[in-house]
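Input: a single structure, listed below in structure tokens.
The values are calculated or read from the model by the stated rules, or taken from the named source; none is laboratory data. On a predicted model such as this, the values are computed, not experimentally measured, just so you know. Here the Cβ positions follow ideal geometry from the backbone for every residue, glycine too, while neighbour counts run over all protein chains shown.
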Amino acid sequence: MLYLLDSSAVFNDFSFEFSEKHNYITTPLAVDEFRDMRSRHLMENALQNSLLTIKEPCPESVQLIKGKIREKGFSKLSGTDISLLALALDLKKGKKRFRLVTDDYSIQNFCKLLKIPFESVIRGRIRETISFKLKCPACNKSLKKGSKARKCPDCGSALKRAKTPQN
């Protein structure tokens, strides 16, 4: 099995080890998050033993993920999160059998939205898939997902992000 690793997979599982039975892949931005001695040592050994591959996602997949983030109203995904999701899209397009391993609920949410297989480490899987929309707390007006407005066009109140459950 091929595992696409988020740094949370290594950080949250203190017994994590790279197994010779599997292959692992991650992005350069995720590798940059391996800063403590334990995770850095694990990563370097996996690279030396050809268990871990570091790969950049294609720019088209990165742009597609950024578009989905805007469409779904998310603002809390990091560059690393975007790179992992984009690489997952690349693997999916290449018809690779893989799982993205993460404890990050925002990444899991997007995996569900994009039908990307994933598993958690210790925090468990998300129970529902959500997106966000902008809503005026004063007049209750909802704006389209992806809107950049900060104030309500009807009453001028500051807009708030509201969760929207997905099917």
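What is the number of the single condition among (1) touching a Lys or Arg at 6+ places or on another chain (Cβ under 8 Å); (2) over 23 Å from Ile82 (Cβ atoms) that Glu44 does not meet?
(1)
Check segment 29-49 and report whether any residue there is closer than 23 Å to Lys112 by Cα and not charged (D, E, K, R). Full working, then the answer.
We begin by selecting, within segment 29-49, every residue closer than 23 Å to Lys112 by Cα; these are 29-30.
Next, from what is left, pick out any that are not charged (D, E, K, R): 29-30.
Yes: segment 29-49 contains one or more residues that are closer than 23 Å to Lys112 by Cα and not charged (D, E, K, R).
Inspect segment 11-21 for any residue being in contact with an Asp or Glu (Cβ under 7 Å, 6 or more places away or on another chain), under 19 Å from Val101 (Cβ atoms) and either in a helix (DSSP H, G or I) or of a type in the set (A, V, I, L, M) (or both) and give the result as yes or no. Working first, answer last.
First, pick out the residues of segment 11-21 that are in contact with an Asp or Glu (Cβ under 7 Å, 6 or more places away or on another chain): 12.
Now narrow it down to the ones that are under 19 Å from Val101 (Cβ atoms): 12.
Filter once more, so that each one left must be either in a helix (DSSP H, G or I) or of a type in the set (A, V, I, L, M) (or both): none.
No.
Out of (1) within 21 Å of Ile122 (Cβ to Cβ); (2) modelled with pLDDT of 95 or more; (3) not hydrophobic (A, V, I, L, M, F, W, C), what's the single condition that is false for Pro57?
All conditions are met except number (1).
A quick yes/no check of all residues on (1) under 13 Å from the mean Cα position of the chain (by Cα); (2) crowded, with 18+ Cβ neighbours inside 10 Å; (3) of a type in the set (Asp, Glu):
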site: Lys55; (1), (2), (3): no, no, no
site: Lys66; (1), (2), (3): yes, no, no
site: Gly73; (1), (2), (3): no, yes, no
site: Leu87; (1), (2), (3): yes, yes, no
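Which of (1) at positive phi; (2) free of Cβ contacts under 8 Å to residues at least 60 places away in the same chain does Gly73 not meet, given it meets every other one?
(2)
Confirm whether Phe98 is closer than 22 Å to Ala9 by Cβ, in the same structural domain as Glu56 (by TED's automatic domain parsing), in contact with a strand residue (DSSP E or B) (Cβ under 7 Å, 6 or more places away or on another chain) and at pLDDT below 85. Give the steps one after another, and end with the answer.
Values: closer than 22 Å to Ala9 by Cβ: yes; in the same structural domain as Glu56 (by TED's automatic domain parsing): yes; in contact with a strand residue (DSSP E or B) (Cβ under 7 Å, 6 or more places away or on another chain): yes; at pLDDT below 85: no.
When the stated conditions are applied, Phe98 does not pass them.
Could you tell me whether any residue of segment 42-59 is within 30 Å of Arg150 (Cβ to Cβ) and not assigned by TED's automatic domain parsing to the domain that holds Lys160?
So the first thing to find is which residues in segment 42-59 are within 30 Å of Arg150 (Cβ to Cβ), and the list is 59.
Next cut, not assigned by TED's automatic domain parsing to the domain that holds Lys160 only: 59.
Looking through segment 42-59, at least one residue is within 30 Å of Arg150 (Cβ to Cβ) and not assigned by TED's automatic domain parsing to the domain that holds Lys160.
Of all residues being over 13 Å from Gly73 (Cα atoms) and at pLDDT 80 or above in segment 120-149, which is surrounded by the most Cβ atoms within 10 Å (Cβ to Cβ)? Just the residue, please.
Within segment 120-149, the match that is surrounded by the most Cβ atoms within 10 Å (Cβ to Cβ) is Cys136.
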